[in-house]
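Peer 1: Below is one structure. I have some questions about it.
The values are calculated or read from the model by the stated rules, or taken from the named source; none is laboratory data. Nothing here was measured: the structure is a model prediction, and the numbers come from that model. Note: ideal-geometry Cβ built from the backbone for every residue, glycine included; neighbour counts use all protein chains shown.
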Ligand SMILES: [Zn+2]
């Protein structure tokens, strides 16, 4: 299939067979740069008929280095505490999130409705799991199996009932007994939860999601029935600031914040256009053109996840970073938690087990931007005045 296309400026390189084995990259961050610069093979003939939806390949997204890096760090280390993508429409935010499908790592997933895991027994004894799982454990049966992380999208019109779960009407009708139905948050356990236009979501829903994300579980009570579900997920939100602001307390709960802008250079825009055209003409061909890199990246992510627990941050490296956070006037402790966890993920993705100052530098902007609060600065200044006043009055007492 080496027929030249009718496109005005055909690339010289045709889709080559699977022979490229050596990768000119060492780490995920290098991979991201390498693939962005890769010349796209010209599109093959258009496929007839309807194909299954194939996501746009993550590694085919042109530019947007920081967005790609933030998403990859979230896959390596869920403790980065969520990722917020901020930018206008048409900057590939949703495309980038959906394209993670090809890269998602594997996790141990519970085989039980309540999400019991063997590690719960290790941590809290046999009572930490449901009776069925306790029985299984006693019989030596597995409680979990390896499964791919999934991408769960929260529809914008979701009601609180859909999100946290509620009374299962069908169970009531069939058994004359109230039972709870799992909500989207319980389904998101050990997965990615994506919320597009998070700034347009009702406050009560955002609060429920953030509380569950912070605690890793949540409890639903409906009359006499209640249930606790696990909800350990990586939250990814995206928003267009033109359509409304995000409450500052919500903004603070996102670990990494990425400002996504349109591509600036003309060549990049042209390449992005070509890739979108190639995708629309034949999604499978475009995906195949990146299959080697996608596979390599997925393996890198998996091994970085395994390495992560051994990655440490020394006091000597951490102290100047904490000083920097303080000198920026950031009060939220989440700033350094996120910053350090992102740096650990970055080091792990680079095949190292010690966080360097360079790792901290590489991820600092996404961990630290939009953390300063004008309101709190003014609030503390005013409060300081009141304290002084009180003290002067008290001395006169
Ligand atoms: Zn169970």
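Peer 1: Which one of these does residue 129 not meet: (1) buried (at least 21 other Cβ atoms within 10 Å of the Cβ); (2) under 20 Å from the mean Cα position of the chain (by Cα)?
Peer 2: Unmet for residue 129, out of (1) buried (at least 21 other Cβ atoms within 10 Å of the Cβ); (2) under 20 Å from the mean Cα position of the chain (by Cα): (2).
Peer 1: Can you go through 297, 342, 335 and tell me which one is within 16 Å of residue 31 (Cβ to Cβ) and surrounded by 19 or more Cβ atoms within 10 Å (Cβ to Cβ)? Reasoning before the result, please.
Peer 2: Details: 342 fails: within 16 Å of residue 31 (Cβ to Cβ); 335 fails: within 16 Å of residue 31 (Cβ to Cβ).
Testing whether each residue is within 16 Å of residue 31 (Cβ to Cβ) and surrounded by 19 or more Cβ atoms within 10 Å (Cβ to Cβ) leaves just 297.
Peer 1: Then there is this: Can you pull out the residues in region 232-245 that are surrounded by 22 or more Cβ atoms within 10 Å (Cβ to Cβ) and farther than 23 Å from residue 344 by Cβ?
Peer 2: In the first step, residues of region 232-245 are kept if they are surrounded by 22 or more Cβ atoms within 10 Å (Cβ to Cβ); the result is 233-239.
Within region 232-245, 238, 239 qualify.
Peer 1: Hey, which of the helices (runs of 4 or more DSSP H) in region 294-397, taking only ones fully inside, have at least 1 residues that are within 23 Å of the chain's Cα centre (by Cα) and over 30 Å from residue 60 (Cα atoms)?
Peer 2: Details: elements: 315-327, 334-349, 357-368, 374-395.
Counting at least 1 such residues, we get 334-349.
Peer 1: Now, a different point. If only one of 232, 245 is within 16 Å of the chain's Cα centre (by Cα) and assigned to a loop (DSSP other than H, G, I, E, B), which one is it?
Peer 2: Working: 245 fails: within 16 Å of the chain's Cα centre (by Cα).
None of the other options fit; the residue is 232.
Peer 1: Related question: Please specify each residue of region 101-127 satisfying the condition of being touching a helix residue (DSSP H, G or I) at 6+ places or on another chain (Cβ under 6 Å) and either closer than 19 Å to residue 297 by Cβ or near the ligand (Cβ under 10 Å from one of its atoms) (or both).
Peer 2: Answer for region 101-127, where residues must be touching a helix residue (DSSP H, G or I) at 6+ places or on another chain (Cβ under 6 Å) and either closer than 19 Å to residue 297 by Cβ or near the ligand (Cβ under 10 Å from one of its atoms) (or both): 102, 103, 105, 112, 116, 120.
Peer 1: Same structure again: Has region 238-245 got at least one residue that is without any contact (Cβ under 8 Å) to a residue 12 or more places away in the chain and over 20 Å from residue 71 (Cα atoms)?
Peer 2: Step one: list which residues in region 238-245 are without any contact (Cβ under 8 Å) to a residue 12 or more places away in the chain, which gives none.
No, because not a single residue in region 238-245 is without any contact (Cβ under 8 Å) to a residue 12 or more places away in the chain and over 20 Å from residue 71 (Cα atoms).
Rundown of residues vs (1) surrounded by 14 or more Cβ atoms within 10 Å (Cβ to Cβ); (2) at pLDDT 70 or above; (3) in contact with a strand residue (DSSP E or B) (Cβ under 7 Å, 6 or more places away or on another chain), yes/no style:
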| site | (1), (2), (3) |
| --- | --- |
| 7 | no, no, no |
| 42 | yes, no, no |
| 63 | yes, yes, no |
| 75 | yes, yes, no |
| 87 | yes, yes, yes |
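Peer 1: Looking at (1) away from the ligand (no atom under 11 Å from the Cβ); (2) under 29 Å from residue 301 (Cβ atoms); (3) buried (at least 17 other Cβ atoms within 10 Å of the Cβ), find the lone condition where residue 197 falls short.
Peer 2: Going through the list (1) away from the ligand (no atom under 11 Å from the Cβ); (2) under 29 Å from residue 301 (Cβ atoms); (3) buried (at least 17 other Cβ atoms within 10 Å of the Cβ), residue 197 breaks only (3).
Peer 1: What residue, among those in region 132-153 that are surrounded by 10 or more Cβ atoms within 10 Å (Cβ to Cβ) and more than 20 Å from residue 233 (Cα to Cα), is nearest to the ligand (Cβ to nearest atom)?
Peer 2: 133
Peer 1: Go through region 216-229 and give me each residue that's over 13 Å from residue 186 (Cα atoms) and either modelled with pLDDT under 85 or under 18 Å from the mean Cα position of the chain (by Cα) (or both). Steps first, please.
Peer 2: Going through region 216-229, the residues over 13 Å from residue 186 (Cα atoms) turn out to be 221-226.
Selection gives 222, 223, 224, 225, 226.
Peer 1: Is there any pair with a first residue in region 172-193 that is within 19 Å of residue 219 (Cα to Cα) and a second that is modelled with pLDDT under 70 whose Cβ atoms are under 8 Å apart and which are 6 or more apart or on different chains, and what are they?
Peer 2: Pairs found: 178/171; 178/172; 179/171; 179/172; 181/171.
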